[in-house]
Amino acid sequence: MAIPTLTDEQVRTWTREQKDRWWLENVWRGDMPQLTLRSALTGFVLGGLLSATNLYVGAKTGWTLGVGITSVILAFAMFRVMSRLGAKDMTILENNCTQSIATAAGYMTGPLISGMAAYMWVQNEPMKWWHMMAFNVVLSLMGVLVAFPMKRRFINDEQHPFPEGRACGVVLDTLYTSQAAVGVFKAKALALAAVIAGFITFISGEAYQKYLQVKVMGMEKVWAVPHYLDGWIYKYFGSGAYIAGVDPRQMGLRLSLDLAMFGAGGLMGIRVALSMFIGMVINFFIIVPWMINIGEIKPQVDLATGVAKVTAAGEPVFGRAHILNTWALWWGISMMVVAAMTGLFAKPKLIISAFTNLFAGKRKNAGKVDVVRHIELPNWVSFVGVPVIGVFGVWMAHDWFGVSWVFGATAIPMIIVLTLIAANSTALTGITPTGSLSKIPQFIFGAAAPRHPPTNLMTGVMCVEVASNASNLLMDIKPGYMLGAKPRQQAIGHCIGVVSGALASTPLFYALFLPKYQPGQNVQEAMVTDQFGFPSALQWKGVSDLVTSIFDKDAGSIITTSAVISMIIAAVVGLAMELYRTFSKGRFPLSPLAIGLGVVVPPDSTIAMCAGAAFFYFMGKAFKKQPDSTGHRLWVGAYEPICAGVVAGAALIGIGDALVRAFLL
């Protein structure tokens, strides 16, 4: 069934009152069950699982996956199976509510793998778990309160597309109409992909196999499918496999069986994955070996003796994390920051419209009757709630993280400004520019307090978390608006998701990344491993270090001359590429932001993502012109559920392997 929509002419000329009346008469589903106990519990459980998946993927790649469509299909499949066993099937609005709760939970992991992790590294001590959970919940709830007054403008009045949200609405409509067989097929594809990926990850999980074969079965030797697939290269070629005399393994250049990253590459797309691959090749095949050979990148030093570390074979020890932190990180960050800010400000109309349309909408709708006030979240809740919760947020920032009252209070109006920009971008493109927006408070507050890095980090977390949460909430509200849901219940559902995500992701953070941490141990070294690179947190800390280096005259330079030169070159190249990409309307095939990301993401993850993106790209292309074939149904119609299933299955089993290693071995 086609979803009722207004024409472009009606959107442009009707008042919001007319649009709201039309929506009540043609779209609203009245008292159809929506926020029920089962939809709340289903969303709560799915949200916890999907937030765990996002935490795992985010620590590897620096970005989080949209979980909306995945949660829609999973909830639909679960209740369709239960309905065959006698349970009443879920309504379309219950499924939408489940999706909203699960999505809210999934987005709770953003600060954990970025600003909060960077804060721990700067302070060199883990954040207390209740501080992490409470601060994250308070900021997310503020995002809910900031979003709903904007909902009236962006969704009710201007009818913005919110592409990912609209896609969820279309999928839901498809599942609950005569085309439901399409949804069932996608659900089966997702489930099968998850089972296969999970099984392969299980048999390649060293901790699983060691526990089962040694601890349970009493075997002396352990067999497992090797996680790293490049052992034969070094076995047969030896030093012939070296790059300019440097062992690739010293730089983290490995081929791994990482199916979570394979699936993530399919969701990412070929352009971004290829750009990341190019960044990885330039850095680890060309620049880093060159810098090692001329002595600009020096080996790791044993802090106890002051002597350079060597391997058993007598070779100097470098390591990917050491190479990044002492040299390579800077040119990658320079390109990402310049590209992100250029992409943001190269479209001034996007920023200007965020504010001009706000006031234009008020003038156009002045004196009109609010015909949906009985189902909308009242604006007074936001106008009272934002200052009240904001006080709690500022107090936490001051008391727990040392941010001054003045800077904490100043962050509140900046939150509103950045949320308007972020929401406008999300509404039109489906992209929430959290990466580029985070640099604004980091530089502003870093310049104001250069000797206290937590100020720029935690005010940045405040601003970006609220802006991101509000923008993503608007994305979640869009399918509810398309399908006639009750906005108040969506707001409550989002709050339930916030709690679910916090309860799932906070303990998992410590269990995955700091299971055996001992006081006095270097926190960054404990968290950054070959498995988890934390590229987003590296970027946050890098910007913080850069701000301190620029504005604190007593701090001294932390960057070598050669690294500064590389930063300048990368900034110029990033600026030129992003300008060309913007003004050519996306025809330029590469993303400078992704090239920079390819520097900081572990190379084996980049290779796996590029392989996944290429696989799904070529499979889709091969079957695109065969609409009646099973291949078309799989690789064109269901590629997103397949990718999501691969990610979910591999990530959840991978999390289990990490927990077994930490607590059972």
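Computed from the coordinates by the stated procedures, all read-outs in this text should not be read as laboratory data. No experiment lies behind these values; they were computed from the predicted model shown. Ideal geometry is used to build each Cβ from the backbone, glycine not excepted, and the neighbour counts take in all protein chains shown.
Go ahead and run the numbers for FRET between Asn522 and Val381, Cβ-Cβ distance against an R0 of 45 Å, rounding to 0.05.
Values: r = 45 Å, r/R0 = 1.00.
Calculated value: 0.50.
In Å and whole numbers, how far do the C-alpha atoms of the range 461-523 stretch along each principal axis, longest first?
Extents along the principal axes, in whole Å: 54, 22, 14.
May I ask for the angle, rounded to the nearest 10°, between helix 92-106 and the longest principal axis of the chain, with both axes built from Cα atoms and the value confined to 0 to 90°?
Relative to the chain, helix 92-106 is tipped by roughly 30 degrees.
On a 19 Å Cα-Cα criterion, which of the cross-link pairs Lys60/Lys541; Lys151/Lys478; Lys60/Lys235; Lys19/Lys151; Lys60/Lys621; Lys188/Lys486 come out too long?
The pairs that break the limit, which is 19 Å between Cα atoms, are Lys60/Lys235; Lys60/Lys621; Lys188/Lys486.
According to the Kirkwood expression over distinct Cα-Cα pairs, how big is the hydrodynamic radius of the range 1-151, in Å?
Numbers: mean 1/r = 0.0549 Å⁻¹.
Here the Kirkwood hydrodynamic radius works out to 18.2 Å.
Can you give the extra length, in nm with one decimal, that the chain gains between Val81 and Val170 once fully stretched, where that is 0.36 nm per residue apart less the Cα-Cα distance?
Here the answer is 29.9 nm.
Please enumerate, by chain and number, the lysines with C-alpha under 17 Å from the C-alpha of Lys128, excluding those fewer than 8 residues away in the same chain.
In chain and number order, the partners are Lys516.
Roughly how large, in nm² to one decimal, is the mean projection of the convex hull of the alpha-carbon atoms in the range 397-506?
Working: hull surface 31.5 nm².
Taking the Cα atoms of the range 397-506, their convex hull projects to 7.9 nm² on average.
State the extension gain, in nm to one decimal, for the chain segment bounded by Lys553 and Trp130, taking 0.36 nm per residue of separation less the distance between their alpha-carbons. Please report the intermediate quantities before stating the final value.
Working: separation 423, 0.36 × 423 = 152.28 nm, distance 3.57 nm.
Using 0.36 nm per residue and subtracting the Cα-Cα distance, I get 148.7 nm.
About its Cα centre, what dipole magnitude does the chain give when the only charges are +1 on Lys and Arg Cβ and -1 on Asp and Glu Cβ, stated in debye to the nearest 20?
Using only the charged Cβ atoms, the result is roughly 1220 debye.
Quickly work out the Thr7-to-Val388 label distance, labels modelled 7 Å from Cα along the C-beta direction, and quote it in nm with one decimal.
Between Val388 and Thr7, the label points sit 4.6 nm apart.
How far, in degrees from 0 to 90, does helix 270-281 lean away from the longest principal axis of the Cα atoms of the chain, to the nearest 10?
20 degrees
Tell me what the chain gives for mean residue ellipticity at 222 nm when only DSSP H runs of n ≥ 4 count, each as -39,500 (n - 2.57), the sum divided by the residue total, rounded to 500 deg cm²/dmol. Each step should come with its number before you reach the end.
Numbers: 28 runs with 442 residues, N = 665.
Taken over the chain, the calculation gives -22000 deg cm²/dmol.
Taking +1 at the Cβ of each Lys and Arg and -1 at the Cβ of each Asp and Glu, which of Ile3, Gln490, Pro387 sits farthest along the dipole of the chain towards its positive end, judged by Cα position relative to the Cα centre?
Looking along the dipole axis, the top candidate is Ile3.
Compute the Rg to Rh ratio over the range 67-114 from the alpha carbon atoms, using the Kirkwood formula for Rh, and round to two decimal places. Write down the numbers at each step before the final one.
Values: Rg = 13.1 Å, Rh = 11.6 Å.
Computed over Cα atoms, the ratio is 1.13.
Considering the convex hull of the alpha carbon atoms of the range 484-590, report its projected area averaged over all viewing directions, in nm², one decimal. Write down the numbers at each step before the final one.
Values: hull surface 53.9 nm².
The number I arrive at for the range 484-590 is 13.5 nm².
Which lysines, if any, have their Cα less than 20 Å from the Cα of Lys585, not counting same-chain residues under 8 positions apart?
Leaving aside lysines fewer than 8 places away in the same chain, those within reach of Lys585 are Lys347, Lys349.
Bin all alpha-carbon pair distances of the chain at 10 Å intervals from 0 and give each bin's fraction as a whole percent.
Pair shares across the bins are 3, 15, 26, 27, 18, 8, 2, 0, 0.
Given the C-alpha centroids of the range 24-99 and the range 143-161, what is the distance between them in whole angstrom?
Result: 22 Å between the Cα centres.
Where nothing but the Cβ of Lys and Arg (+1) and of Asp and Glu (-1) is charged, how large is the charge dipole of the range 574-665 around its Cα centre, in debye to the nearest 20?
I would put it at about 400 debye.
I'd like the trypsin sites (Lys or Arg not before Pro) in the range 96-182 restricted to DSSP loop residues with at most 14 other Cβ atoms within 10 Å, sorted by number.
Lys128
What is the angle, in °, between the Cα long axis of helix 561-583 and the longest principal axis of the Cα atoms in the chain? Nearest 10 is fine, range 0 to 90.
30 degrees
Picking from Gly319, Gly656, Val138, whose Cα lies most toward the positive end of the charge dipole for the chain (charges on Cβ: Lys, Arg +1; Asp, Glu -1)?
Toward the positive end, the furthest listed residue is Val138.
Could you give the size of the charge dipole of the range 1-62 about its Cα centre, using +1 on the Cβ of each K and R and -1 on the Cβ of each D and E, expressed in debye and rounded to the nearest 20?
The calculated dipole for the range 1-62 is roughly 260 debye.
Taking the alpha-carbon centroid of each part, what is the distance from the range 515-537 to the range 596-634 in angstrom?
Cα centres, the range 515-537 to the range 596-634: 31 Å.
Give, as ranges by residue number, the residues of the range 268-296 whose backbone N falls under 15 Å from the point 7 Å along Cα→Cβ of Ala244.
Flagged as within label range: 280-296.
What translational D, rounded to a whole number of µm²/s, comes out for the range 261-331 from Stokes-Einstein when the hydrodynamic radius is the Kirkwood one over Cα pairs, at 37 °C and 0.692 mPa s? Mind showing how you got there, number by number?
Details: Rh = 14.1 Å.
Answer from the Stokes-Einstein relation: 232 µm²/s.
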